[in-house]
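The values are calculated or read from the model by the stated rules, or taken from the named source; none is laboratory data. Worth saying up front: this structure is predicted, and the values here are computed from it rather than measured. Virtual Cβ from ideal backbone geometry, glycine too; neighbours counted across all protein chains shown.
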């Protein structure tokens, strides 16, 4: 279990007990750590591109666009021992908890700037809507500009949108969530706007319409959405689409473990193991054992040297694929 997960678990318990101010401190720590990591990536790439490509704006942009995602994944692994998907998953749940604390704490609702809160709602919407996409950091940096100090500690998260554009994007995102497991976010933003006296705005009216009859403060102020969290952590990653044959990848060298995104690795390693459709973790393990047993030394020792070498190569590929999937899905 990563430090982010441990911190969130404590924060979740405090939130469930309506200890909003105490929970906020912990959620805010996760908020600061994740943004600091993203900010360090943004700063590092900007310095590199400016230093070497200062007179070529197009090349500068292409450089950052190409390396933001892999650089962020490397940074998350180094800082949190989590890849991009798992880090942003923790970020999403922590941000949701943080926004609940602000909404329900009299002290916080009066001290945290409304503009910052509304930007955080858009960030949360973005994390949810873009879950599973190959590019997840780049869309966040379109919403916010992050600055860090020389020690990579968070200094500021500034919105990149004017109020009119922020409202437009909030409405578009809220519409996408209205029939999902995350529809509670729509209810929460309506409650927040009610508590901060924004009920006369067009944005409030539109959001309340999207939220529907559920847009009132529930007696149960906090709901962890464990069903959805379980889906996020396991089931999504167990949906495999048949990809290109691994041999074709080796032939044209398109697949590189070090530079490939998580989605590319998922598709490639799923293909290595012949995984298709929705599978449980036990089914993934069973498939691996079935395949690797076919190439056991006892079964190929009577074959020619070339076939034995092929069997060894195939076993190596299967082991690499399964080890990555095992770590990814926490397969026992």
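Tell me, please, whether a residue that is over 21 Å from residue 100 (Cβ atoms), touching a helix residue (DSSP H, G or I) at 6+ places or on another chain (Cβ under 8 Å), modelled with pLDDT under 95 and part of a loop (DSSP other than H, G, I, E, B) can be found in the range 205-219.
no
Looking at (1) buried (at least 21 other Cβ atoms within 10 Å of the Cβ); (2) closer than 18 Å to residue 83 by Cβ; (3) modelled with pLDDT under 95, find the lone condition where residue 5 falls short.
Against the list (1) buried (at least 21 other Cβ atoms within 10 Å of the Cβ); (2) closer than 18 Å to residue 83 by Cβ; (3) modelled with pLDDT under 95, residue 5 comes up short only on (1).
Quick one: how many residues across the range 302-332 are in contact with a helix residue (DSSP H, G or I) (Cβ under 7 Å, 6 or more places away or on another chain) and not in a helix (DSSP H, G or I)?
1
If we scan the range 12-21, do we find a residue that is farther than 19 Å from residue 88 by Cα, modelled with pLDDT under 90 and surrounded by 19 or more Cβ atoms within 10 Å (Cβ to Cβ)?
No, because not a single residue in the range 12-21 is farther than 19 Å from residue 88 by Cα, modelled with pLDDT under 90 and surrounded by 19 or more Cβ atoms within 10 Å (Cβ to Cβ).
Return the residues of the range 273-301 that are assigned to a helix (DSSP H, G or I), surrounded by 12 or more Cβ atoms within 10 Å (Cβ to Cβ) and at pLDDT below 80; say none if nothing qualifies.
Residue satisfying the conditions is 300 alone.
Within the set of pairs 6 or more residues apart or between chains, which connect a residue that is assigned by TED's automatic domain parsing to the domain that holds residue 164 and over 13 Å from residue 187 (Cβ atoms) inside the range 203-220 to a residue that is at pLDDT below 50 and crowded, with 19+ Cβ neighbours inside 10 Å with Cβ atoms less than 7 Å apart?
none
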